[in-house]
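Reading through the structure tokens given below for one structure.
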């Protein structure tokens, strides 16, 4: 006779009888699929064993729990998750190694987000430096070069004297005289 799988140390033993009834050995009572769903939701691990053969049928019962939950609440499990479960179930056992736990998925998402943020920051820095260079070049083209004369006064480009700015005092004087 093949060795019977044993439940994990903290797992609750559920036995399935020939009549398909489920029996919770620890609580010494019959349970339903909904009861098993409540146990799992409460954080308990279960180990379901066929009473006659001793085979581990936990996966089959858990799939039934999921199926019953989907029947009741059709929108609660995303289609992508169900599709991936079907593909993983039909594929080789090695495909399950690709299924990340929540911590691994969160860590991978965080690394990807940090990489994207770094790329954005580098792009923004490049754009700012490029814009700064463009502005400096345009200013050099638009503003006349200022040269200093022997008297220390600045004048505009070739043949153009630099205009003096008109301050508020000068404007007041011009208004009075007109």
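The values are calculated or read from the model by the stated rules, or taken from the named source; none is laboratory data. Quick caveat, the model's predicted, so the values are computed rather than measured. No Cβ is skipped: glycine too gets one built from the backbone with ideal geometry, and neighbour counts run over all protein chains shown.
Residues in segment 40-60 that are within 33 Å of the chain's Cα centre (by Cα), surrounded by fewer than 16 Cβ atoms within 10 Å (Cβ to Cβ) and under 13 Å from residue 22 (Cα atoms): how many?
Result for segment 40-60: 1.
Between 106, 37, which is at pLDDT below 85, surrounded by 11 or more Cβ atoms within 10 Å (Cβ to Cβ) and part of a helix (DSSP H, G or I)? Write out each step before concluding.
Numbers: 37 fails: at pLDDT below 85.
On inspection, the qualifying residue turns out to be 106.
Would you call residue 125 exposed (fewer than 10 other Cβ atoms within 10 Å of the Cβ), modelled with pLDDT of 60 or more and not assigned by TED's automatic domain parsing to the domain that holds residue 63?
no
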